[in-house]
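See below for the structure under consideration.
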Amino acid sequence: MVILSYEAVTFDFWNTLIPETTETRNRRRENWARLLLDAGFGVTSERLDEAFNYGWEEFDKRWRSNCQTSVVEVTAAVINRLGLSLNTQLRGQLTAAYLEASENTPRTLLPQVEETLDRLSEMGIDLCLICDVVTVPSITLQDWMRELRV
């Protein structure tokens, strides 16, 4: 009989510990629609959603090719998909609004995560978090984990 001994367990963040939600997209859509309208660009929710999907697809293609992608690159892909000629200031505001939506969406743990992490901790096993940090800075992820008492 083989007895295994573990010193640490790693967890991915998104959809392992914390679920993705549509709330972030809703916040992005509202923020962007307001900023674009204030700048004289009327963009429908459907068009914004299509452009956000495109931005995600571009991120995902790069991620699958093991390439890092910044929030600036993701938002640039979204803006380019919209086909709007925007000045640098508005591009910066849209990028900040994209990030703000990610950072300020309330988060919860997936079912049984807290119990699992508590049991591993009781066993003296170190816990490590792994996450591709793109549209949410690592400090925000750490804050969420503290707020959720993980």
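Numbers below:
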read-out	value
When residues of segment 91-135 are limited to those that are touching a helix residue (DSSP H, G or I) at 6+ places or on another chain (Cβ under 8 Å) and either within 19 Å of E7 (Cα to Cα) or assigned to a strand (DSSP E or B) (or both), the one modelled with the highest pLDDT	L127
Complete set of residues in segment 1-43 that are modelled with pLDDT of 95 or more and either touching a Pro at 6+ places or on another chain (Cβ under 7 Å) or of a type in the set (S, T, N, Q) (or both)	N31
Residue count for segment 112-132, restricted to those that are closer than 26 Å to E73 by Cα and open to solvent by less than 60 Å² (accessible area, probe 1.4 Å)	1
Whichever residue in segment 1-30 is of a type in the set (S, T, N, Q) and under 24 Å from A101 (Cα atoms) and, among such residues, is least open to solvent (accessible area, probe 1.4 Å)	T24
Residue list for segment 136-150, restricted to those being at pLDDT below 80 and either more than 22 Å from S70 (Cβ to Cβ) or open to solvent by 80 Å² or more (accessible area, probe 1.4 Å) (or both)	R149, V150
Residue match in segment 136-147 (condition: under 24 Å from Y6 (Cα atoms) and touching a residue at least 12 places away in the same chain (Cβ under 8 Å))	yes
Residue ID - farthest from N87 (Cα to Cα), chosen from residues in segment 31-43 that are surrounded by fewer than 12 Cβ atoms within 10 Å (Cβ to Cβ) and small (G, A, S)	G42
Condition met for L109 (open to solvent by less than 70 Å² (accessible area, probe 1.4 Å), within 26 Å of R28 (Cβ to Cβ), among the aliphatic types (A, V, I, L, M) and in contact with a strand residue (DSSP E or B) (Cβ under 8 Å, 6 or more places away or on another chain))	yes
Residues within segment 136-150 that are of a type in the set (D, E, K, R) and outside any helix (DSSP H, G or I), tallied	1
Hits in segment 44-90 (condition: open to solvent by 80 Å² or more (accessible area, probe 1.4 Å), more than 14 Å from R28 (Cα to Cα) and assigned to a helix (DSSP H, G or I))	E57, K61, R62, W63, R64, V72, E73, N80, R81, T88, Q89
Condition met for N26 (within 19 Å of the chain's Cα centre (by Cα) and more than 30 Å from Q112 (Cα to Cα))	no
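The values are calculated or read from the model by the stated rules, or taken from the named source; none is laboratory data. Quantities reported herein were computed from a predicted structural model and do not represent experimental measurements. All Cβ positions, even for glycine, are placed from backbone atoms using ideal geometry, and neighbour counts span all protein chains on display. Protein only, heavy atoms only, side chains kept; ligands, DNA and RNA dropped before computing areas. Shrake-Rupley method; radii C 1.70, N 1.55, O 1.52, S 1.80 Å.
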